[in-house]
Amino acid sequence: MSRFLNPMYASLAPYQPGEQPQGQNFIKLNTNENPYPPSPLVAKAVNNEIEWLQLYNDPTSSEVTMELARTLGVTPEQVMITNGSDEALAFIFQGLCPQGAVFADITYGFYPVYCQLYGVRPYVIPLREGFVLEPKDYYHGEGTVVLANPNAPTGLALSLKQIDGILSENVDNLVVVDEAYVDFGAETAVPLLKQYDNLMVVGTFSKSRSMAGARLGYVVSNPSLISDLQRIRFSFNPYNVNRMTQAAAIAALKDSLYFENCCKKIIDTRENTLETLERFGFETTDSEANFVFVRHPEIPGEILYKMLREEGILVRWFNLPRISNYLRISVGTDEQMNGLFCALEKIVNKTQ
Ligand SMILES: *Cc1c(COP(=O)(O)O)cnc(C)c1O
């Protein structure tokens, strides 16, 4: 640490992304990326943008906004496009959590980091037995309620009715639903925007749209909350989403068939993965996401993680209370998962 750092940030514990090894031949199942490339239409659209790079990009991402609004069945005034959904979450923590933020003890690791960065008071609510999120624990919250649905890293989802309950018991609090994984089997809360003025839905193209490396996220809410967020965004970085990414997103939205097929394949592979791992003796959760969250009753999570790494397979292990014996394994292609099954079979036989 240099002597120039503002002491405010001296104790900041930054978010730790999963490993992103460059150039090595791992089966990479550690950061919930989509194993399939984006629609072929995306490559063409990105290529066409290159000759315009000398010009600034559209600061409101208006075409993406319109196309996405159409896809979601809302108006363009209800949508804001961001540089990945992490940026959307940052704006929300910075500007829309004046009383604090309420979230689960086991959820997306960025929420506590943004609390620290922006001086937001965190109210952490432990998940119940089996990592179940009990909606009642969030009624009359002490600030902005932030829910990942499906939750990460557990994969468990709330029903629309449960989200409705949390909204109706928090009429004076903003409720943010982070739907990074919603396309893999959960219900989106977007239709509830018709009924509630305290709802904000956050989404991303990183997982279900195969565009993690392009950085495109969004917020859907009512026009007045969106204009609050635009105020913050324009005070920080008006050109937040580059030309290639805007073009890529428009193309991705137009190829809905490709998108639906990818999601379907991942859901099938997930179900097969859960069955196979259960046969190997693993305990699993009912994941509605593009990852599974599993534990072996006899082999510690850290050992499994390290032995898989030696076999060339990267998964995510969190050295955190309650979940240190669990692995979060992204759903890859069937071929990648077969590689995982072979390695796990070997490891389980060796250690027992
Ligand atoms: C992956 C993820 C995000 C962030 O995704 P971006 O790549 O920044 O769009 C947000 N929330 C959750 C729960 C995630 O898992």
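The values are calculated or read from the model by the stated rules, or taken from the named source; none is laboratory data. Model, not experiment: these values are computed from the prediction. Neighbour counts are summed over all protein chains in view; Cβ atoms, including those assigned to glycine, are modelled from backbone coordinates with ideal geometry. To get the accessible areas, we keep the full protein, side chains included, count just its heavy atoms, and leave off ligands, DNA and RNA. Shrake-Rupley method; radii C 1.70, N 1.55, O 1.52, S 1.80 Å.
A few notes on this one:
- Among all residues of segment 43-59, there is at least one that is assigned to a loop (DSSP other than H, G, I, E, B), aromatic (Phe, Trp, Tyr) and either in contact with a helix residue (DSSP H, G or I) (Cβ under 8 Å, 6 or more places away or on another chain) or within 17 Å of Asn240 (Cβ to Cβ) (or both).
Residues are listed down the side, and each one gets a yes or a no for (1) over 26 Å from Asp268 (Cβ atoms); (2) β-branched (Val, Ile, Thr):
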position	(1), (2)
Pro153	no, no
Val171	yes, yes
Val175	yes, yes
Asp178	no, no
Thr188	no, yes
Leu193	yes, no
Asp197	yes, no
Val202	yes, yes
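- Restricting Glu51, Glu87 to residues that are out of contact with any Cys (no Cβ under 6 Å at 6 or more places or on another chain) and more than 16 Å from the ligand (Cβ to nearest atom) narrows the list to Glu51.
- Single residue of segment 207-244 satisfying the filter (open to solvent by less than 30 Å² (accessible area, probe 1.4 Å) and small (Gly, Ala, Ser)) that is nearest to the ligand (Cβ to nearest atom): Gly217
- Among the residues making up segment 106-124, those that are within 15 Å of the ligand (Cβ to nearest atom), open to solvent by 20 Å² or more (accessible area, probe 1.4 Å) and in a loop (DSSP other than H, G, I, E, B) are Thr107, Tyr108, Gly109.
- Exactly one residue out of Leu193, Leu160 is away from the ligand (no atom under 16 Å from the Cβ), aliphatic (A, V, I, L, M), touching a Ser or Thr at 6+ places or on another chain (Cβ under 9 Å) and open to solvent by 40 Å² or more (accessible area, probe 1.4 Å), and it is Leu160.
- Taking the criterion of being buried (at least 17 other Cβ atoms within 10 Å of the Cβ) and of a type in the set (Val, Ile, Thr), the residues of segment 292-337 that qualify are Val292, Val294, Ile299, Ile313, Val315, Ile323, Ile329, Val331.
- Residue within segment 280-289 that is in contact (Cβ under 8 Å) with a residue 60 or more places away in the chain and open to solvent by 50 Å² or more (accessible area, probe 1.4 Å) present: yes
- Residues in segment 171-180 that are closer than 29 Å to Ala247 by Cβ and open to solvent by 20 Å² or more (accessible area, probe 1.4 Å): none.
- Test: residue in segment 199-206 that is among the aromatic types (Phe, Trp, Tyr), in contact with a Pro (Cβ under 6 Å, 6 or more places away or on another chain) and buried (at least 23 other Cβ atoms within 10 Å of the Cβ): no
- For Leu340, the conditions (1) open to solvent by 40 Å² or more (accessible area, probe 1.4 Å); (2) of a type outside the set (S, T, N, Q); (3) farther than 28 Å from Leu158 by Cα are fulfilled apart from (1).
- Residue match in segment 93-105 (condition: within 16 Å of the ligand (Cβ to nearest atom), surrounded by fewer than 23 Cβ atoms within 10 Å (Cβ to Cβ) and either closer than 30 Å to Thr284 by Cα or modelled with pLDDT under 95 (or both)): yes
- Evaluation of Ala251 against the conditions (1) within 16 Å of the ligand (Cβ to nearest atom); (2) of a type in the set (A, V, I, L, M, F, W, C); (3) over 30 Å from Gln94 (Cβ atoms) shows that the sole unmet condition is (1).
- Hits in segment 73-84 - residues which are more than 8 Å from the ligand (Cβ to nearest atom) and part of a helix (DSSP H, G or I): Pro76, Glu77, Gln78
- So Ala180, is it within 28 Å of Tyr123 (Cα to Cα), touching a strand residue (DSSP E or B) at 6+ places or on another chain (Cβ under 8 Å), within 13 Å of the ligand (Cβ to nearest atom) and not in a strand (DSSP E or B): yes
- Failed item in (1) surrounded by 13 or more Cβ atoms within 10 Å (Cβ to Cβ); (2) at pLDDT 95 or above; (3) touching a Ser or Thr at 6+ places or on another chain (Cβ under 7 Å), with Thr65 passing the rest: (3)
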